[in-house]
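Peer 1: Submitted below is the structure of interest, expressed as structure tokens.
The values are calculated or read from the model by the stated rules, or taken from the named source; none is laboratory data. Worth saying up front: this structure is predicted, and the values here are computed from it rather than measured. In this analysis, Cβ positions are derived from the backbone assuming ideal geometry, glycine residues included, and neighbour counts consider all displayed protein chains.
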Amino acid sequence: MTERVSEARILWRLLLGQPRQGTHAERLQAFYAPQASRYDRFRARLLQGREDLLVHLAPAPGEHLVELGCGTGSSLERLGPMVNQLACFDLVDLCPALLVLARQRATGCPVARVSEADARHWQPAKPVDAVFLSYALSMMPDWPLVLANAYAMLRPGGRIGLVDFYLPGSGSPWANALWRRWFAHDGVHLSAEQLPALRAHFVEIYCAERRARLPYLPGVQAPYYLFVGRKPAG
Ligand SMILES: C[S@@+](CC[C@H](N)C(=O)[O-])C[C@H]1O[C@@H](n2cnc3c(N)ncnc32)[C@H](O)[C@@H]1O
């Protein structure tokens, strides 16, 4: 299949939007299964700042790292060879179609463990050093519950990292309303509350508010944020 046909299929899926029926897990599967094999190539241009997130999260040798909403596990590639210096890397997602690719990527990486589970409830056996979500919190209903779960799984002093689309406090009401509608069509629920919630519960290490160019839409830039914080020590 040529690249152009492949891109057209992804765009068609995005235009169709996420199905409205079924459980959250069923809707994710129905949305992603038809585009799973082409997911990474298209998202490489759409989901910006994912490399930067890992730079600022700075996972260190011997640490236990968790990704909630790992999708195809492409963070394994962004982490590169250092992933094998981790004690453990748990990759968690609710969508079987994307997890097939994550499991393929994790083959031959002894520290990686891929789990099909809901980020609202999944917990590691012991507190971990760092947890991150990349363009995932905005797709999770009950995101405050997911953040509370991430907080609970971190050791005191452990780090959290997020990169995601959002509604900036500085955005005009009409622009924010437009972005909200646009993204909701594909099951992405933008919020103005996530960044303030992160700042309220974690000690800020790094924060940036940026805009990302959108493929095929010259001049259109979607707001996204990067946040890395530390769970208070006690
Ligand atoms: C836009 S994708 C991002 C995937 C990946 N983090 C990346 O950067 O490419 C959002 C991911 O969140 C997952 N997701 C949504 N709700 C979830 C939940 N409640 N628990 C676990 N994963 C969830 C989806 O299945 C999907 O893989």
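Peer 1: So which of A119, A125, A184 ends up being among the small types (G, A, S), closer than 25 Å to L94 by Cα, modelled with pLDDT of 95 or more and exposed (fewer than 15 other Cβ atoms within 10 Å of the Cβ)?
Peer 2: Of the residues listed, the single one that is among the small types (G, A, S), closer than 25 Å to L94 by Cα, modelled with pLDDT of 95 or more and exposed (fewer than 15 other Cβ atoms within 10 Å of the Cβ) is A125.
Peer 1: Which of the residues belonging to the stretch 119-146 are under 21 Å from V55 (Cα atoms), of a type outside the set (D, E, K, R) and more than 10 Å from the ligand (Cβ to nearest atom)? Spell out how you get there, then give the answer.
Peer 2: Quick first cut of the stretch 119-146, residues under 21 Å from V55 (Cα atoms) only: 128-137.
Filter once more, so that each one left must be of a type outside the set (D, E, K, R): 128, 130-137.
Matches in the stretch 119-146: V128, A130, V131.
Peer 1: Restrict the check to the stretch 31-47 and report whether at least one residue is polar (S, T, N, Q), at pLDDT below 95 and within 22 Å of V188 (Cα to Cα).
Peer 2: Yes, that holds for at least one residue.
Peer 1: Considering only helices (runs of 4 or more DSSP H) fully contained in the stretch 121-234, which possess at least 2 residues that are touching a Cys at 6+ places or on another chain (Cβ under 6 Å)?
Peer 2: Passing ranges: none, list empty.
Peer 1: Ok, one more. State all residues of the stretch 141-164 that are under 16 Å from the mean Cα position of the chain (by Cα) and buried (at least 21 other Cβ atoms within 10 Å of the Cβ); if no residue qualifies, say none.
Peer 2: Within the stretch 141-164, W143, V146, L147, A150, R159, I160, G161, L162, V163, D164 meet the criteria.
Peer 1: Pairs, please: C-beta under 6 Å, at least 6 apart or cross-chain, first residue among the basic types (K, R) and in the stretch 105-122, second assigned to a loop (DSSP other than H, G, I, E, B) and surrounded by fewer than 19 Cβ atoms within 10 Å (Cβ to Cβ)?
Peer 2: Partner pairs satisfying both residue conditions: R120/D142.
Peer 1: So in the stretch 20-33, with the set limited to residues that are without any contact (Cβ under 8 Å) to a residue 12 or more places away in the chain and of a type outside the set (D, E, K, R), which one is nearest to the ligand (Cβ to nearest atom)?
Peer 2: Here the answer is T23.
Residue by residue, here is whether (1) out of contact with any Pro (no Cβ under 6 Å at 6 or more places or on another chain); (2) closer than 18 Å to F227 by Cβ; (3) modelled with pLDDT of 95 or more holds:
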{"residue": "T107", "(1), (2), (3)": "yes, no, yes"}
{"residue": "Y135", "(1), (2), (3)": "yes, yes, yes"}
{"residue": "S138", "(1), (2), (3)": "yes, yes, yes"}
{"residue": "V146", "(1), (2), (3)": "yes, yes, yes"}
{"residue": "A150", "(1), (2), (3)": "yes, yes, yes"}
{"residue": "A175", "(1), (2), (3)": "yes, no, no"}
{"residue": "L190", "(1), (2), (3)": "yes, yes, no"}
{"residue": "H201", "(1), (2), (3)": "yes, yes, yes"}
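Peer 1: For the stretch 187-221, give me each residue that is over 16 Å from the mean Cα position of the chain (by Cα), closer than 15 Å to S170 by Cα and surrounded by 19 or more Cβ atoms within 10 Å (Cβ to Cβ).
Peer 2: none
Peer 1: May I ask you to list pairs of residues, at least six apart or on different chains, whose Cβ atoms are under 6 Å apart, with the first in the stretch 68-80 being free of Cβ contacts under 8 Å to residues at least 40 places away in the same chain and at negative phi and the second being of a type in the set (A, V, I, L, M) and within 6 Å of the ligand (Cβ to nearest atom)?
Peer 2: Taking only residues 6 or more apart or on different chains, the pairs are T72/L98.
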